[in-house]
Structure formats: C-alpha cells, structure tokens
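Participant: Could you have a look at this structure, given as structure tokens, before my questions?
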Amino acid sequence: MTGRTGLLRAWAGVHPTRPAGALLLISGALSLLGAQATIDSLGFLLFETPVALMLLVPVVAGIAVAIATGGGTGIPLPEHPALLSARLAWLLALTAAGTLAVSTGQLVGPELTWEPAVRNLLLYAALAVITVSLAGPSMAWLPPVALTLAAMLFGYPPSEPGYYWWAAVMEETVTPGQWGVAGGLFLCAALVHLGHPLLGPYLGRHTERNGDKR
C-alpha cells in the first residue's frame with residue numbers, strides 16, 4: 001500500500017495537479033452556490049435566452065481535467081504499455097472528479113438535472129485535452145472558452161427558440177445524439193492523449209532532453 005501511495009504521489013508530482021485541483025474545487029463551489037442562478041448578459045451584450053450557470057461550470061472543470069493531463073512527457077520513447085494504462089486511468093479519474101464537481105449543485109435541488117452538465121464536461125474536457133496534447137497546458141482554456149462565447153452570442157437563430165446544433169452546450173436537455181457526440185469526442189481525446197508523446201511538440205521536447213538539439 002505504501003508503495004502504491006508513493007507511486008501515486010510521484011505521478012501527481014510530475015503533472016500540474018495543484019492548479020487543476022484548485023479549479024476543480026472552484027467548479028464544485030460554483031455548482032453548489034450557483035445551482036439556481038442564470039446569466040442573461042455579458043457586459044453590454046444581452047442574451048436572447050438566460051443561460052443557467054450549471055451549463056457554464058463545466059468550462060472550468062473541463063479545463064482542470066485537461067491541465068492535469070499535461071506534464072510527464074520526459075519519458076524516453078517508446079513508452080511501456082503500463083505507462084499508457086496509467087495515463088488512461090489518470091484521465092478517467094480526473095474526468096470522474098470533474099463529474100463530481102459539476103454535479104455538486106444537485107445537492108441543493110437545481111432546476112437542471114445532472115445530464116447537461118456532464119455532457120458539457122465531456123465536450124469541454126475533450127477539446128481541452130486535445131489542445132494540451134498538441135499545444136501544452138497553457139492553451140487548455142482556449143477552445144472551451146471560445147466555444148462557450150460563440151454559443152452564447154451566436155448560437156441561436158434570430159427570433160426563434162432553441163440553439164443551433166453546434167451550440168448544444170447551451171441546451172438544458174440532452175439527446176441521445178448529443179451523448180454520442182460527446183462520448184465520441186472524448187474517446188478521440190483519450191486516444192490523442194495516450195499517443196501524444198509521439199506527436200510533434202512533445203517529440204521535439206524528448207529530442208532536446210536527450211541532447212539532440214537542433
């Protein structure tokens with residue numbers, strides 16, 4: 001048990017676990033305190049339909065999941081299969097933690113069920129994980145924030161109810177198709193995450209660390 005605990009601490013030590021943990025705590029607090037809150041404007045911009053805060057909390061949680069998958073890339077290639085299993089388990093554990101964080105608001109009886117928050121978490125985490133794998137943790141925030149702003153400002157038809165298909169993160173209900181898209185994108189992100197040391201940016205870092213500087 002002590003050996004496993006030490007191994008887990010070492011694994012967490014080579015990943016940005018602390019900032020990711022802080023963001024997950026913030027996500028849980030926002031979900032709990034803002035379970036019944038809505039946002040109807042962004043500065044001077046008014047939304048056609050108020051947006052439940054529960055739909056936006058997964059932005060923070062998804063970024064947290066992705067940030068914590070960064071780091072740990074100094075291991076020489078090729079990687080041992082056990083390391084790939086550990087990376088997958090780490091991603092799934094982080095996603096489970098994010099799911100708990102965005103679902104905390106269910107304790108106080110929000111108007112929305114847990115489904116749209118978890119759907120959004122899968123989508124945002126997938127986009128952010130792919131970004132971290134290709135560009136590093138510092139860019140994890142960009143796709144989730146960009147998608148959210150675009151959906152909030154331009155995701156609905158003029159003078160018509162509902163949202164465009166690409167702005168489904170604003171929908172308060174979840175369809176089977178949306179679950180399929182969210183799950184499929186998350187699966188793609190997991191595959192990219194498992195193979196990211198073979199990709200360009202990280203391959204360059206491995207080469208540099210091994211003394212083959214160009």
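What follows draws every value from the coordinates through simple rules; no lab data is involved. Not measured: the values here are computed from a predicted model. No Cβ is skipped: glycine too gets one built from the backbone with ideal geometry, and neighbour counts run over all protein chains shown.
Participant: With labels modelled as points extended 7 Å from the Cα through the Cβ direction, what inter-label distance (nm, one decimal) is found for Ser41 paired with Arg18?
Facilitator: Using points 7 Å along Cα→Cβ, the separation is 4.0 nm.
Participant: What percent does the relative contact order of region 142-195 come to when contacts are Cα pairs within less than 8 Å and at least six residues apart? Don't skip to the end; give the middle numbers.
Facilitator: On the way: 24 pairs, mean separation 12.3, N = 54.
Result for region 142-195 is 23 percent.
Participant: Order of 37-46, 57-66, 138-147 by packing, highest average Cβ count within 10 Å first? Don't jump to the answer; show the numbers that get you there.
Facilitator: Numbers: 37-46: 10.4, 57-66: 29.2, 138-147: 17.7.
Averaged packing, sorted descending, gives the order 57-66, 138-147, 37-46.
Participant: Here is a follow-up. Given labels modelled 7 Å from the Cα in the Cβ direction, how far is it in nm from Ala29 to Leu88?
Facilitator: Result: 3.6 nm between the two label points.
Participant: Could I ask something else about it? Just to check I understand the Karplus step: with θ = phi - 60° and J = 6.51 cos²θ - 1.76 cosθ + 1.60, what whole-Hz values come out for region 177-193, glycine and proline as x?
Facilitator: With coefficients 6.51, -1.76 and 1.60, one gets x, 5, 4, x, 5, 4, x, x, 5, 5, 4, 4, 5, 5, 5, 5, 4 Hz.
Participant: Residues with amide H under 5 Å of Tyr156's amide H, sequence separation 5 or more or different chain, H placed in the peptide plane at 1.01 Å from N; which?
Facilitator: Under 5 Å from the amide H of Tyr156 lie the amide H atoms of Tyr164, each far enough along the sequence or on another chain.
Participant: Where in region 17-51 does the amide nitrogen come within less than 19 Å of the point 7 Å from the Cα of Ala150, taken along Cα to Cβ?
Facilitator: Once the point is set 7 Å along Cα→Cβ of Ala150, 48 turn out to lie under 19 Å by backbone N, inside region 17-51.
Participant: Whole-Hz ³J(HN,Hα) for each residue in region 26-39, computed from phi via Karplus 6.51 cos²θ - 1.76 cosθ + 1.60 with θ = phi - 60°, x for glycine and proline: what do you get?
Facilitator: 4, 4, x, 5, 5, 5, 6, 7, x, 4, 10, 8, 10, 10
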